[in-house]
1. Criterion first (in contact (Cβ under 8 Å) with a residue 12 or more places away in the chain and within 16 Å of ligand 2 (Cβ to nearest atom)) does A:Cys168 satisfy it?
2. Which one of the conditions (1) at pLDDT 95 or above; (2) not in a helix (DSSP H, G or I) does B:Ile370 fail to meet, given that it meets all the rest?
3. Considering every residue within the range B:378-397, establish whether at least one is at pLDDT 95 or above, open to solvent by less than 10 Å² (accessible area, probe 1.4 Å) and either assigned to a helix (DSSP H, G or I) or out of contact with any Ser or Thr (no Cβ under 8 Å at 6 or more places or on another chain) (or both).
4. Can you name the residue in the range A:131-162 that is among the aliphatic types (A, V, I, L, M) and at the interface with another protein chain (Cβ under 7 Å from one of its Cβ atoms) and, of all such residues, is nearest to A:Ala192 (Cα to Cα)?
5. How do the pairs read when you match residues in the range B:255-277 that are at positive phi with residues anywhere that are at pLDDT 95 or above and β-branched (Val, Ile, Thr), using Cβ under 6 Å and keeping only pairs 6 or more apart or on different chains?
6. In the range B:165-187, how many are open to solvent by less than 30 Å² (accessible area, probe 1.4 Å), facing another protein chain (nearest Cβ under 8 Å) and of a type in the set (Gly, Ala, Ser)?
7. Being within 14 Å of chain C (Cβ to nearest Cβ) and either closer than 30 Å to A:Val209 by Cα or under 14 Å from the mean Cα position of the chain (by Cα) (or both) is the requirement here; does A:Pro83 meet it?
8. Restricting attention to the range A:41-74, which residues are more than 7 Å from chain B (Cβ to nearest Cβ) and under 27 Å from B:Leu283 (Cβ atoms)?
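The values are calculated or read from the model by the stated rules, or taken from the named source; none is laboratory data. Not measured: the values here are computed from a predicted model. When we count neighbours, we look across all protein chains shown, and the Cβ atoms used for this are built from the backbone with ideal geometry, even at glycine. Surface accessibility is based on the protein's heavy atoms, side chains included, excluding ligands, DNA and RNA. Shrake-Rupley method; radii C 1.70, N 1.55, O 1.52, S 1.80 Å.
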Amino acid sequence: MADKIIKNLTIKVWRQKNAKTAGKFETYKINDISGGTSFLEMLDILNEQLINEGQEPIAFDHDCREGICGMCSLFINGRAHGPDDDITTCQLHMRKFKEGETITIEPWRAGAFPVIKDLIVDRTAFEKVLQAGGYISVNTGGVPDGNAIPISQDDAEEAMDAAACIGCGACVATCKNSSAMLFVSAKVSHLAKLPQGRVEASRRAKNMVAKMDELGFGNCTNTGACEVECPKGISIANIARLNREFLAAKIKD
Amino acid sequence: MTVLNSKIPAGPLAEKWSKHKAAIKVVSPANKRKLDIIVVGTGLAGGSAAASLAEMGYNVKAFCYQDSGRRAHSIAAQGGINAAKNYQNDNDSIYRLFYDTIKGGDYRAREANVYRLAEVSGDIIDQCVAQGVPFAREYGGTLSNRSFGGVLVSRTFYARGQTGQQLLLGCYASMNRMIGQGKIEMHERNEMLDIVTVDGKARGIITRNLVTGEIERHGAHAVVIASGGYGNVFFLSTNAMGCNGGAAWQAYKNGALFGNPCFVQIHPTCIPVHGEQQSKLTLMSESLRNDGRVWVPKKKEDAIKLQEGKMGPNDIADEDRDFYLERRYPSYGNLVPRDVASRAAKERCDAGFGVNAEGKAVYLDFKYSIERLGQDVIEARYGNLFQMYEKITDVDPYKEPMQIYPAIHYSMGGVWVDYNLMTTVPGLYAIGEANFSDHGGNRLGASALMQGLADGYFVLPYTIGDYLADEIQTPRIDLNHPEFAKKEKAVTERFQNLYNVKGDKSVDSFHKRLGNIMWDYVGMARNAEGLKYAIEEIAKIKADFYKNVRIPGDFDAMNIELEKAGRVADFLELGDLMARDALNRNESCGGHYREESVTEEGEAKRDDENFTYVSAWEYKGENAEPVLHKEELVFEEVKLTQRSYK
Amino acid sequence: MSSFLSSSIGKKLIMSLSGLFLVLFLLVHLILNSFLMFDSTGELFNAGAHFMAMPVIRFGLQPVLFGGFIVHIIYAIILTLQNQKARPQKYASQNLGNSSTWSSRNMFVLGGLVLVFIVMHLMHFFVPMQITGEVPMKMVDGVEIHDGAALVKALFTTGTFGIVYTCIYVLGAVLLGLHLAHGFWSSFQSIGMSNIIWRARLERAGYIYAIFIAGGFTIIPLYLHFFA
Ligand SMILES: Cc1cc2nc3c(=O)[nH]c(=O)nc-3n(C[C@H](O)[C@H](O)[C@H](O)COP(=O)(O)OP(=O)(O)OC[C@H]3O[C@@H](n4cnc5c(N)ncnc54)[C@H](O)[C@@H]3O)c2cc1C
Ligand code: HEM
Ligand code: SF4
Ligand code: FES
């Protein structure tokens, strides 16, 4: 599996000092990158190069580098998490790029996700939505035995499908309306599919949607782009469920 | 000199915890409202503790360095979580879980702690189910279990290959509820850099706001360290990029003892290092060893051809393959514990039989099980993992064996704590991977998640009350106390010193150098000579670091290099302590393998006579040698035996 | 209730219900128009048009229809403006081609063009027939009624404009079809009446409906232009 070596790459990347200053694109050259290098390792190499030249390295978010923490977040060549499907940026490898290619890297762009620096954005809006209701109200202790309430395998699996969301924000970044419906619906669906979460399902849907609207995310127009770029394959069937839950809850009011 | 008092309650093992709970003090609800607790870390340990403490009525301030509490590295755990529920009716019990954990830890953990862990394990599952963790279920709607390396019962609960993620999202949801109610004050992107003690008691922390670069003061009546493990001292590990030893290290530098620093776990099934620029290693679940066979070529010339890329694994006939685990350990075969499997791989590669260009990989082959069970069965079991492997390596594991190699995975060592999880500094607690307490010399699969949640949900919330009951008269901590000013100044200076070096080498270059030394001399196999060499080399790297490190960017703004520099500064000191501890422990035990202490067949040999103790190191100042304290381990219940997997 | 209608999902509900209402209307409209092709005397069509001009319908249903349009358009504008605002800084390069359909991304443009077309369409037929009354008359069973059929035929066949109008009407039908290719399925999704299985079905139904509507409204002017 001798990996190809990409001799020349041009990296066009968004640089922005902080939230208050305006940003702009800078262009850098980078050479001799092996196809087996991950995209973020390529940026590490570029940063090492910049540091050696006495420049400030490019700031980008990342942590686990194995596609589960949801911290990495780059818009690469016009696509959230870059030109591969079902993966996060940290799982993207350079073999997906061509010799001599210019790679454009931008931060997630959404009013609700302001840029903090370079490619790092502030996703606390997601936290706030979850704080508004993305939980089951139980205290530690005093709960029934784990097997006390049987849950059908199908329901458990469906809940798990929705619960797989890593909160990366690619859905918002991709959506032409910067809508957070996929993210919110994933949490609402996960909990609504379980008997434990059913109890406060109406309250949850109402509160989370209200918070989502308040924070300046756009309105969903069902384009479906989010589910295609979602690294965890969260389906927009969850959005239909959220709509259902919300409308049912509001009708009851 | 600090006298180590582990505060293990008297009485029969099975009654210790309940008697202890009955004996310790409780804080009234009205008083809880007046007490503040700082929790550093939002992983399984910190997250569950923060949520539980807030629910009880305390005011909690939680910290993490990521942009969200949900991203703590607990999220990456794949396999599962153990609990002695005996749902499978396979004669599992609290005692059996306790026994497996003690034995798995090679008899270097405290009986009382481990027993308590097994005791509360069942409650954890109930709690998680109530929070909406979507554990795998049977058709009848009951919870599923799987078995995990080194044990004879099925007691591992799991949520697909994302158990850690789901458990973490469970306690993170509970945290969110408390944040929404104003009971937890959440500080994301905020790194703890020092601990403030007043009159010998922990009263707060100094942090750096990673967005603004500001140094901040935070006060509380007690401080809980739940900052995870320090595997990243090796640079390459399965930990996240930001995992650090910093918080635990500051505890150490402020008077807490550091327990068993040399005990780190090496996981046998990780994707091998690729080239020079690798930044982290990816774990492939241990479950793969259930159906994969591990081998290298029998003939040296085949190995050389593989290394040069002139031949592929499928060109080697079955009779020319050396299934070395099956050969050496006929009864456990490919399922020997992690440390044994890791060392065996290293042994083969060191002998020149490695199969990739670097000569540092062995094969994990599914050909045989595909022949036996069919591809669809294998796909159903491991589809996700195979896909992940292919994304990373561009090799299809259905057609060609996987390449794997051991990597640093977990740190059993950590801040020394007593039975109440309190360090030697009053009011300072350590939970989860950050403490040393429950895994001895080696951790069993699926036990770390259990420990983190046990500490956070069911142990600390009780034991912390015993301390806080005496603090109800203490008013809210005054941030203008001179101790805060002093520590803030010290932290600022520490970072300014680094920033002002203005040398010509990147932080990463030092981290990599440290990592190489650690891996080569304080890694899978250690000897006195190598360890002494490592101590000298680390000192050199450290000196060079403070002379030549280059940190571009602004000091008082977001500065990624400055963050990394602070962590590497800690790792340089921690690496030194690990080497010292490894040097002191002249026995092979769990993840710690001393080449001087082996049986005739080359297997690890424990030395119970001389080393049945926890090494607890005391910090003595910048240029002084640390002092070793020993907590003798007393085994009342189990008999010490040599592990054998032959 | 007010918080309901101002919520994003509430607004979507209105969009969806008004859209579905228009979907239904289009069906009736197409069936009525198709009478032009099945009866060359135009009597069937005229009878239909006459029926549609009855006071109950004219003063009862027509305002509802107009209301539906107005609501649909107002909410389309509100939603689109809000969505524009949700991304103050645009991407330098964005490749949505492989993640969503063109029509789903251009509903406002498509809707806007359809609106332009509808206004023109109303000037051609609705205004003369129902407001100014500048329509050829015809005796049927001793009663004088509007000969709408003649009006329509005249538009598509008279002089060089015949072919121009034919083209414009075909274009209008295609734009409407594109709007519906996404809109039909989307309206069910918006009110939560979809899941993984039904989604595929509804999408298919949406395409069939869109093709049916676009095809129907294309064939009629072509037929009239060439065969009337
Ligand atoms: C790849 C992988 C797979 C694993 N699989 C399993 C498994 O299947 N079963 C099992 O039982 N165990 C497994 N483990 C081990 C287990 O996941 C960890 O030991 C456990 O989750 C640690 O939890 P924790 O809460 O102690 O720390 P973490 O989850 O690491 O959390 C640390 C927290 O501390 C914060 N923090 C750290 N330093 C600072 C600082 N200076 N200032 C402020 N905040 C700070 C971080 O932001 C984070 O929130 C696995 C580990 C890895 C790496
Ligand atoms: C006969 C004419 C029309 C029909 C049958 C129709 C039908 C529909 C339907 C069914 C939807 C889907 C609703 C949903 O997603 O919930 C829709 C969406 C939309 N329509 Fe129309 N429409 C028509 C005219 C117009 C006009 C004149 C405009 C004008 C500006 C317009 C603008 C939009 C927009 C922007 C959307 C997308 C909104 C969203 O999905 O949130 N439509 N239409
Ligand atoms: S729904 Fe998908 S894209 Fe959106 S935050 Fe979750 S994982 Fe990321
Ligand atoms: S860095 Fe964790 S998902 Fe990419």
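1. So A:Cys168 does not fit the description; no.
2. (2)
3. Checking the range B:378-397: at least one residue is at pLDDT 95 or above, open to solvent by less than 10 Å² (accessible area, probe 1.4 Å) and either assigned to a helix (DSSP H, G or I) or out of contact with any Ser or Thr (no Cβ under 8 Å at 6 or more places or on another chain) (or both).
4. A:Ala159
5. Within 6 Å, the pairs are B:Gly255/B:Val425; B:Asn260/B:Val614.
6. 2
7. For A:Pro83, the condition - within 14 Å of chain C (Cβ to nearest Cβ) and either closer than 30 Å to A:Val209 by Cα or under 14 Å from the mean Cα position of the chain (by Cα) (or both) - is not met.
8. A:Met42, A:Leu43, A:Leu46, A:Asn47, A:Phe60, A:Gly67, A:Cys72, A:Ser73, A:Leu74 - these are the residues of the range A:41-74 that are more than 7 Å from chain B (Cβ to nearest Cβ) and under 27 Å from B:Leu283 (Cβ atoms).
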